Amino acid sequence: MYRIVERRMIVPNLHEFTVEAPQVTMAVRPGNFVILRADETGERVPLSVADWDPEAGTVTSVFLQVGGSTAKLARLKAGDSIPTYAGPLGKEAEISNFGTVLCIGGCYGIGSIYPVARALHEAGNTVYTLLEGRSRYLLYWQEKFRPISTRVIELTRDGSAGYKGHISRLPEILTLEKIKPDRIIVNGCTFLMMRTSGVTRELGVKTIVNMNPIMIDGTGMCGVCRLTVAGKTKFACVDGPDFDGHEVDWEEFLKRRETYNVEEVQPLRRSGCASHY
Amino acid sequence: MPAKPIDPKKRPMPKQEPFERIRNFDEVALGYTLDLAHEEASRCLACKKPRCVEGCPVGIDIPAFIQCMLEADFSGGIKKIKEKNALAAVCGRVCPQEEQCEKVCVLGNKHEPIAIGRLERFLADWEAASGAIEKPDIGPPNGRRVAIVGSGPAGITVASDLALLGYDVTIFEALHEAGGVLTYGIPEFRLPKAVVRREVEYVKSLGVKLHLDFIVGKTRTVDAFQKEYDAIFIGAGAGLPWFMEIPGENLNGVFSANEYLTRCNLMKGFLFPAYNTPLKRASHVAVFGGGNVAMDAARTALRLGADEVHIVYRRSRSELPARLEEVENAEEEGVIFDYLTLPTKLIGNERGWLTEIECLRMELGEPDESGRRRPVPVKGSEFLMKVDAAVCAIGNSPNPLIAMTTPGLSVGKKGNVVADEETGQTSRERVWAGGDVVTGAATVISAMGAARKAARSIHETLSK
Ligand SMILES: Cc1cc2nc3c(=O)[nH]c(=O)nc-3n(C[C@H](O)[C@H](O)[C@H](O)COP(=O)(O)OP(=O)(O)OC[C@H]3O[C@@H](n4cnc5c(N)ncnc54)[C@H](O)[C@@H]3O)c2cc1C
Ligand SMILES: Cc1cc2nc3c(=O)[nH]c(=O)nc-3n(C[C@H](O)[C@H](O)[C@H](O)COP(=O)(O)OP(=O)(O)OC[C@H]3O[C@@H](n4cnc5c(N)ncnc54)[C@H](O)[C@@H]3O)c2cc1C
Ligand code: SF4
Ligand code: SF4
Ligand code: FES
């Protein structure tokens, strides 16, 4: 059993979730994820690692409450335990000195891109962070990003913080902010990653996305997490989850994500976000 | 002494009726009763040079345990088996006996061989029911530590052999339940999970520690283990599913057998929504392949309520690699076998869901490397099959996680770890391997046989 150190809602529907798992902190790298079960009858849920503390032996994730399993997680309190917490899984994010890197996070991806941004900063990159959300009250962790970013930029659909609008404004924002990125990394919902990849293709900037298909084992055993990248089938859990966003077959990916919609989402959709994918 | 009259036929196995069993996940084969077991045991000729023993990969003294049964000494019988096989309840159920012990039984020359597997199962179940599980003597602790990767039959066998010799043994398992394929792959109706759990508990009772949720290569590497352990055994199985590499394989409704069976077994999808893992209930299902995995997937599909389930296999019935008993069970249950048929394309609707499979008819040509006649396509024989789910059960190879993270470990073309056939020794010092991770997908008993040899070699090396 793994003890919950903290679970608190940081913005509506998004929870910061810290678990005691020293065996994970010994090996975890930016870009890794874990798989957990909320209780003995629960399904296996993948969550990205958003931070960790090797001394305390704890691992933090940020999750969005969408369906049954994340609703169970949202009911957990400090001191409770969960039966499964396995990791770290997946390849680590590619970290080296690329020059200037723009890290884009939306939804739970604001959390999961934090260790990536931090490692890129430590590797000598000039790091810009762009936080995206529907409204100001859905953005978080700005204070964690400031020390490791040259600038933290905000983009909200209602204009309540930073730029107003969608990620389609990215080229314009880059011009206004005078940023010439050598690489862009996006974490968060599928639409954000897909749209970003769409606009950056024209800009000719390599764009890394952090894919989040349905998973079971997370070790390459079941194949449910497969997606097509550059015309080849890949297993996101072992070949990814980071891939080149310009090479992903997005249409197929979106369809595969809907496999269990009838069973899971329809009866349970709680998220205020119209399209958490 | 006049020769004993030969009783030509095996006692049939009592089973759930097909119409009943396709509506539940309970075990199909109910096991011999005391009377049936006694009658079947009486058929044995107690050969002086028993060929059956040679047919068993772990060399169980078959005539000896059968003799015990005839004397109603069941505890003596199970003891005989356990000298060689710690997983009797499992092997009695799933060994391909017709290829092993029963294949060479002398009775089989003219008549039906002794139902050795069924008798083995009877004794193992008798012991479990009696509640008095015999534990062999455990040697005094020798202070040496062994790490085992994977809790399938191979890992369990090495663990119990070494624990009995006084080693301090820890098994590391990636999933949240132990047992390997016995837990996540082979369905409840063929191998009840209670049987597997019993075996795992037995190994733990010998002092073996079990770490679940621990992915070797990720959580810790083999290199890190080498600093803490005197020996490492890799029994990680062959868990990476193959696909056919034909168009449309990523459509919704197309599953690997591992996904289909894992959802159902490990994650208890058949109990959805009590258990949270959902499972698609399809009405027309096609399963590609002809081995045990394909039979299990097809019969699972029936139990999940499919109207029609097809096994699509490119060769003919006599080439099916599955256990004969399971082929017969599948036939009785109404699985439709499309022999000499090759799927060439999966076709979906605009929402990305599988709707049809394009297939080709085959005919058997010249024998290939495996000695079986090679199927060749019949020109212009394309036809369409309407389905809403397809399960790919054409094979697995070892998962690359360990090989990728263990420098210097020799790996073959299909990702299998290279190990000495007699000792299980790999190219890395103090690292052994055995089971499916070395041979590719094989059988429970062959994994156990390899594991036993590795345990012996580990003991010899560490006692030097
Ligand atoms: C590598 C990886 C990292 C992830 N990291 C995070 C994270 O840090 N924070 C976070 O909030 N979410 C993350 N996700 C997504 C998260 O796993 C799902 O939101 C969660 O499993 C949904 O479970 P549920 O029962 O609450 O919802 P469900 O009722 O199961 O489904 C709700 C929606 O999520 C989709 N979904 C279902 N199961 C999965 C699954 N296993 N993976 C992805 N989507 C699924 C469904 O298609 C549906 O649209 C990650 C997914 C992956 C693969
Ligand atoms: C559906 C199905 C039906 C079958 N039916 C039969 C049958 O009727 N008769 C028969 O004899 N054989 C049958 N087999 C084959 C048989 O089950 C296998 O040959 C046997 O289980 C192999 O044993 P193993 O210990 O080598 O590997 P496995 O049983 O595969 O166990 C390997 C274990 O290692 C774990 N693991 C993998 N990687 C790691 C890692 N990096 N870190 C930690 N743990 C890891 C896995 O999760 C797994 O639990 C069947 C197989 C399948 C899939
Ligand atoms: S272990 Fe398998 S091969 Fe050996 S006697 Fe038992 S059923 Fe036969
Ligand atoms: S070969 Fe057959 S008849 Fe002879 S001892 Fe073995 S099981 Fe009995
Ligand atoms: S989650 Fe099963 S193979 Fe990736």
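The fraction of all Cα pairs in the range B:243-394 landing in successive 5 Å bins from 0 to the largest distance is 2, 10, 19, 22, 21, 15, 7, 3, 1, 0, 0, given as whole percents. Across the alpha-carbon atoms of the range A:100-257, the computed radius of gyration and Dmax are 15.4, 47 angstrom.
Taking Cβ atoms as reference points and 15 Å as the exclusive limit, the residues near residue B:422 contribute a net charge of 0, counting Lys and Arg as +1 and Asp and Glu as -1. Which residues in the range A:178-202 have a backbone N closer than 14 Å to a point placed 7 Å from the Cα of residue A:151 along the Cα-to-Cβ line? The answer is A:178-181, whose backbone nitrogens lie closer than 14 Å to the label point.
Going by how many other Cβ atoms sit within 10 Å of their own, how do A:58, B:461, B:33 line up, fewest first? Let's see the in-between values first.
Working: A:58 20, B:461 15, B:33 12.
The order, fewest Cβ neighbours first, is B:33, B:461, A:58.
Summary: within chain A, the longest segment free of GluC sites (Glu not before Pro) located in DSSP loops with at most 12 other C-beta atoms within 10 Å is A:56-277. What FRET efficiency would be calculated for the residue pair residue B:386, residue A:202, taking the C-beta separation as r and a Förster radius of 56 Å, to the nearest 0.05? Once rounded, the FRET efficiency stands at 0.85.
I need A:169, B:21 ordered by Cβ neighbour count within 10 Å, fewest first.
Numbers: A:169 14, B:21 21.
The order, fewest Cβ neighbours first, is A:169, B:21.
Under the classification rounded if a/c is under 1.5, otherwise prolate if a/b is larger than b/c and oblate if not, where does the range B:321-388 fall, given a ≥ b ≥ c as square roots of the Cα gyration tensor eigenvalues?
oblate
In chain A, what is the volume of the convex hull around the alpha carbon atoms, normalised per residue and reported in Å³?
Values: hull volume 33.5 nm³, N = 277.
Here the figure is 121 Å³ per residue.
Direction-averaged projected area, Cα convex hull, the range B:131-186: 4.8 nm², rounded to one decimal. Here B:260, A:114 are placed in order of increasing Cβ neighbour count within 10 Å, fewest first, which gives A:114, B:260. For the range B:76-198, the Kirkwood estimate of hydrodynamic radius, built from reciprocal distances between every pair of different alpha carbons, is 16.1 Å. With the charge dipole of the protein assembly as shown set up from +1 on Lys and Arg Cβ and -1 on Asp and Glu Cβ about the Cα centre, the Cα lying farthest toward the positive end among the listed residues A:127, B:294, B:459 is that of A:127. Here's the picture: a label point sits 7 Å out from the Cα of residue B:332 along the beta-carbon direction, and within the range B:1-31 the residues with their amide nitrogen under 17 Å of it are B:10-31.
Extending 7 Å from the Cα toward the beta-carbon at both residue B:72 and residue B:405 defines two label points whose distance is 5.6 nm.
Each label point was placed 7 Å from the Cα along the Cα-to-Cβ direction; for residue A:134 and residue B:281 their separation is 3.3 nm.
Over the range B:214-272, the Kirkwood radius and the radius of gyration, each from Cα atoms, give a ratio Rg/Rh of 1.15. Between residue A:176 and residue B:33, the modelled label-to-label distance comes to 8.5 nm, taking each label 7 Å out from Cα in the direction of the beta carbon.
Can you give the Rg to Rh ratio of the protein assembly as shown, both from alpha-carbon atoms, with Rh computed by the Kirkwood formula?
Values: Rg = 27.9 Å, Rh = 27.8 Å.
Ratio of gyration radius to Kirkwood radius for the protein assembly as shown: 1.00.
Dividing the helix sum by the residues of chain A, where each DSSP H run of 4 or more adds -39500 (n - 2.57), gives a mean residue ellipticity at 222 nm of -6500 deg cm²/dmol.
Which of the GluC sites (Glu not before Pro) found in the range B:160-265 are in a DSSP loop and have at most 11 neighbouring Cβ atoms, other than their own, within 10 Å?
Numbers: sites: B:173, B:177, B:188, B:199, B:201, B:228, B:245, B:249, B:259; in loops: B:173, B:177, B:188, B:245, B:249.
Listed in order of number, the matching sites are B:245.
Other residues whose C-beta falls under 15 angstrom from the C-beta of residue A:4 contribute a net charge of +1, scoring Lys and Arg +1 and Asp and Glu -1. Put the Cα centre of the range B:1-45 next to the Cα centre of the range B:341-371 and the gap is 38 Å.
What is the range B:390-464 by shape, rounded, prolate or oblate, if you read a ≥ b ≥ c off the alpha carbon gyration tensor as root eigenvalues and call it rounded for a/c under 1.5, prolate for a/b larger than b/c, and oblate otherwise? Verdict is oblate for the range B:390-464. Give me the Debye-computed log₁₀ of I(q)/I(0) at q = 0.09, 0.11, 0.12 Å⁻¹ for chain B, equal point scatterers on Cα only, no solvent, two decimals. Evaluating at q = 0.09, 0.11, 0.12 Å⁻¹ gives log10 I(q)/I(0) of -0.63, -0.95, -1.12. Calculated over the range A:2-89, the projected area of the Cα convex hull averaged across directions stands at 5.0 nm². Remark: the Cα gyration tensor places the range B:1-152 in the oblate category, a/c being 1.5 or greater and a/b not exceeding b/c. log₁₀ I(q)/I(0) of the range B:322-464 at q = 0.09, 0.12, 0.16, 0.17 Å⁻¹, via Debye over equal Cα point scatterers, no solvent, to two decimals? Reported log10 I(q)/I(0), two decimals: -0.50, -0.78, -1.02, -1.06. Placing +1 on each Lys and Arg Cβ and -1 on each Asp and Glu Cβ, with no other charges, gives chain B a dipole about its Cα centre of roughly 580 debye.
Computed from the coordinates by the stated procedures, all read-outs in this text should not be read as laboratory data. Remember, predicted model here, so these are calculated numbers, not experimental data. A quick note on method: Cβ atoms are made from the backbone with ideal geometry, for glycine too, and the neighbour counts reach across all protein chains shown.
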